[in-house]
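Chemist: Take this structure first; my questions come after.
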Amino acid sequence: MAFFPWQDTYATGIAKIDQQHRQLVDYLNQLYDAMKAGRGQDALAKVFKGLVDYTQSHFTTEEGLMKVYQYPDYAAHKAV
């Protein structure tokens, strides 16, 4: 069982963003599975690097879409 299972309520309805959100959730679950198996230290660097890199890429995509579609709360979202 996943530590943080994906739920349809998390979906934005934007396929690209939903796919990326699912990948981020998967990274969390990979780390949890490794920790449960006693391999947390071995997996931590790999999963954490993947999570950080992917998160940066995801936010770039998300912010780009917000600009294209003139999301009214873009500035506030970016600040957070």
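The values are calculated or read from the model by the stated rules, or taken from the named source; none is laboratory data. Only a predicted model underlies this, so the values are computations on that prediction, with no experimental measurement involved. Positions of Cβ are backbone-derived with ideal geometry, glycine not excepted, and every protein chain shown enters the neighbour counts. Just so you know, the surface numbers come from the protein's heavy atoms only, side chains and all, with ligands and any DNA or RNA stripped out. Shrake-Rupley method; radii C 1.70, N 1.55, O 1.52, S 1.80 Å.
Chemist: If I go through region 47-80 residue by residue, how many of them are part of a helix (DSSP H, G or I), out of contact with any helix residue (DSSP H, G or I) (no Cβ under 8 Å at 6 or more places or on another chain) and either more than 26 Å from GLN30 (Cα to Cα) or modelled with pLDDT under 85 (or both)?
Modeler: 5
Chemist: Would you tally the residues in region 7-21 being assigned to a helix (DSSP H, G or I) and either farther than 15 Å from LEU65 by Cβ or open to solvent by 70 Å² or more (accessible area, probe 1.4 Å) (or both)? Outline the logic, then answer.
Modeler: Quick first cut of region 7-21, residues assigned to a helix (DSSP H, G or I) only: 8-10, 15-21.
Checking which are either farther than 15 Å from LEU65 by Cβ or open to solvent by 70 Å² or more (accessible area, probe 1.4 Å) (or both) leaves us with 8-10, 15-16, 19.
Within region 7-21, residues that are assigned to a helix (DSSP H, G or I) and either farther than 15 Å from LEU65 by Cβ or open to solvent by 70 Å² or more (accessible area, probe 1.4 Å) (or both) number 6.
Chemist: From LEU65, LEU28, LEU24, LEU51, which residue is among the hydrophobic types (A, V, I, L, M, F, W, C) and open to solvent by 70 Å² or more (accessible area, probe 1.4 Å)?
Modeler: Unique residue meeting the criteria: LEU28.
Chemist: Considering each residue of region 38-48, count those that are of a type in the set (A, V, I, L, M, F, W, C) and exposed (fewer than 12 other Cβ atoms within 10 Å of the Cβ), and give that number. Break it down into steps so the answer makes sense when it comes.
Modeler: Pass one, region 38-48, residues of a type in the set (A, V, I, L, M, F, W, C): 43-45, 47-48.
This time we only want the ones that are exposed (fewer than 12 other Cβ atoms within 10 Å of the Cβ), so: 45.
Residues meeting the conditions: 1.
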